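In what follows, a single structure is set out as structure tokens and then discussed.
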Amino acid sequence: MKKCALFVWIAIILLTVPSTLPAQADAEVPDVIRVGVTVSVSGKFSTEVGPFQRLCRAWVDEINRQGGIYLKKYGRKLPLKLITYDDRSEAATARRYYERLVTVDGANLLFGPYSSPLTFTASAASEQHQVPFIAICANSPKVYNRGFKWIVCVIDAAPRYTYRYWEMVQAQGKARSVGFVVEDTLHPVGVYKGSRQLAENAGLKVLAGEVLPPDTGDFTPVILKLKKLNPDIVYVSSNIPFAVAFMKQAKELNLSPREFHCIHHSGVFQQPLGAAADYVVGQSYWEPGMKYSDPDRFLSLLRKAKIDLDDYPWSPAYMMAFEIAEAALIQAGTIEPKALMKTLKNLRITTLGGPVWFAENGVGTINTYPSQIQKGKYQIIWPPEVATAKHIYPTPAWNQR
């Protein structure tokens, strides 16, 4: 009788175990992958990246229409949940919202804001709370020289931002001198320091290196100095509002070098300058005709987000961030922070802009291509294997002096 009662008791236990174990297992499976980001919908950077909230949503919608991203640990696809805020182009606001994304919204993965100053503060929140952070348009060395372990960046370091341009200048052997005009903020100064050395390595003489406050309103003294020095290239390392203000005054005062180079020269650069923007050289991450990854997918997302590539030439960098996030999540097979961060650091994939991997400090490998505005259209002019048009140098305006 005792043995019989024991068998009955064991049977009861065995029958009840299956009803409880799956509930525990299900409780451990997350419902979604939470992705957090701030976008400068307002403030000084809004003209450069304001619509990118729509691009992020278009990407998330595309992924979710496919059922989400498959994570091996959970044996299923998980949809993405996008959490966005407007950082108002302010570093302090960005830091506050990234703190919220981590501590209140429970983000599993963070995309960085636009610009190095905002990323510098925002990434401190991810480092403190140990949440993987993919920086996008932020490559000042100051961001990556702090020993942070929870950050990777899509793009290469600022000092190398225009290295292909200087390769072209050296290969063509036409320019002999350069004058720099620099906005005194993190990214432009980092680009300037590297470009100055690259220009000298290419055999050019540096005739001027004017570092000016971001709110400079009168460029007359600098422009008159450049007219006197007469460099072949006037190189403007700045964000777009600064570059537009400088270029307007340069044209008014008839500064006419053989070439203007403005590192940022998007549609919002062209619109206020009109014909004066023609033949200006700058930098682009991608133009139609380049064959890396899946261009059709990117162009489809742009259409859905109602974003014009020429107006917002930084959108390819965001697409590359999406590709990096997808690959890392799939390869990690989990949203567990340490495993996901380790996968990111070891990742090697080919994105829309080319191959990507990360240095120990998190800096990526994607770099820009020199592009020239020709009759209102952007054309990649170097290297020859990806160029969509030939470099026009010197500009027609110089020939007509």
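Here are the numbers for the structure shown:
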{"read-out": "Test: residue in region 360-372 that is under 30 Å from Pro257 (Cβ atoms) and either aliphatic (A, V, I, L, M) or surrounded by fewer than 20 Cβ atoms within 10 Å (Cβ to Cβ) (or both)", "value": "yes"}
{"read-out": "Flag if Glu385 is among the charged types (D, E, K, R), closer than 14 Å to Tyr292 by Cα and assigned to a loop (DSSP other than H, G, I, E, B)", "value": "yes"}
{"read-out": "Residues that are outside any loop (DSSP other than H, G, I, E, B) and touching a helix residue (DSSP H, G or I) at 6+ places or on another chain (Cβ under 6 Å), drawn from region 143-159", "value": "Val143, Ile151, Val152, Ala158, Pro159"}
{"read-out": "Cross-chain or 6+ apart pairs with Cβ under 6 Å, region 165-184 first and over 13 Å from Tyr235 (Cα atoms), then in a strand (DSSP E or B) and among the hydrophobic types (A, V, I, L, M, F, W, C)", "value": "Asp184/Val211"}
{"read-out": "One residue from Lys225, Lys291 being charged (D, E, K, R) and without any contact (Cβ under 8 Å) to a residue 12 or more places away in the chain", "value": "Lys291"}
{"read-out": "Members of region 351-364 that are assigned to a strand (DSSP E or B) and modelled with pLDDT of 95 or more", "value": "Thr351, Val356"}
{"read-out": "Residue check for Ser237: polar (S, T, N, Q) and surrounded by 23 or more Cβ atoms within 10 Å (Cβ to Cβ)", "value": "yes"}
{"read-out": "Criterion: touching a helix residue (DSSP H, G or I) at 6+ places or on another chain (Cβ under 6 Å), among the small types (Gly, Ala, Ser) and on the phi < 0 side of the Ramachandran plot - qualifying residue of Ser266, Ser284, Ser238, Ser195", "value": "Ser238"}
{"read-out": "Output for region 163-201, where each listed residue is in a helix (DSSP H, G or I) and among the aliphatic types (A, V, I, L, M)", "value": "Met168, Val169, Ala171, Leu186, Val189, Val191, Leu198, Ala199"}
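The values are calculated or read from the model by the stated rules, or taken from the named source; none is laboratory data. Since this is a predicted model, take the numbers as computed values, not measurements. Reconstructed Cβ throughout: ideal geometry from the backbone, glycine too, with neighbour counts over all protein chains shown.
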